[in-house]
Amino acid sequence: MANGRFDAWAVAMWASTAPVISSATLKAALIDSADVTVSTATHDFWNDISVGSVATATLGSKTTTTGTFDAADTTMTAVSGDTAEVVVIYDDTGNAATSQLMLYFDTFTSGMPVTPNGGDITLQWNGAGIASI
């Protein structure tokens, strides 16, 4: 699969039911693709893929400018566990069954896959933004 968005999130955006990025608690998750095969076509909520989670962290300094979503680089602290090949961004509502999956990344220029060693892992987002519509 290639980097992209979850289909259910696109539907929610068009229906105006998607989370408002500025006020939502957005999280990035490292996912071990050996534990779950993520499908952007059929998965819609965090409970569909949380079994593959290696680590999560809340996105800070979120912005939306002219159709581009961005956030500060995201640090996950003291990460241990399985190797992660995928990063997913989702809206954490506090309930995995209603936490909307938003963006999927499995193609990177560097740094992935990552094998945790108990240290911090920092996701450095693209300088042009995380995603654009």
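Across the chain, the mean sequence separation of Cα contacts (distance under 8 Å, 6 or more residues apart), normalised by length, yields a relative contact order of 32 percent. Dipole magnitude for the chain: about 320 debye, using +1 per Lys or Arg Cβ and -1 per Asp or Glu Cβ, origin at the Cα centre. When each of Trp46, Trp14, Trp125 is scored by the number of other beta-carbon atoms lying within 10 Å, the sequence from fewest to most is Trp14, Trp125, Trp46.
Ala96: net charge of surrounding residues, Cβ under 13 Å, Lys/Arg +1, Asp/Glu -1, itself excluded? Net local charge, Ala96 excluded: -3. Sketch the reach of a paramagnetic label on Thr93 as a point 7 Å from Cα along Cα-to-Cβ, and name the residues of the stretch 11-37 whose backbone nitrogen lies under 18 Å away. Flagged as within label range: 11-28. Among Thr25, Thr66, the ranking by other beta carbons within 10 Å of each residue's beta carbon, starting with the fewest, stands as Thr66, Thr25. Fully extending the segment from Ile133 to Phe108, taken as 0.36 nm per residue of separation minus the present Cα-Cα distance, adds 7.1 nm.
R0 = 25 Å: FRET efficiency of Ser23 with Asn126, Cβ-based, nearest 0.05? Computed FRET efficiency for Ser23 and Asn126 comes out at 0.60. Computed FRET efficiency, Cβ-Cβ of Ser80 and Val36, R0 22 Å: what is it to the nearest 0.05? About 0.75, to the nearest 0.05. Put in order of Cβ neighbour count within 10 Å, fewest first, the listed residues Phe108, Phe45, Phe6 become Phe108, Phe45, Phe6. Centre-to-centre separation between the Cα atoms of the stretch 5-59 and those of the stretch 88-126: 9 Å.
Each reported figure results from applying straightforward, stated rules to the coordinates on display, with no laboratory input. Just so you know, these numbers come straight off a predicted model, no measurement behind them. Positions of Cβ are generated from backbone atoms using ideal geometry, with glycine treated the same way; all protein chains shown enter the neighbour counts.
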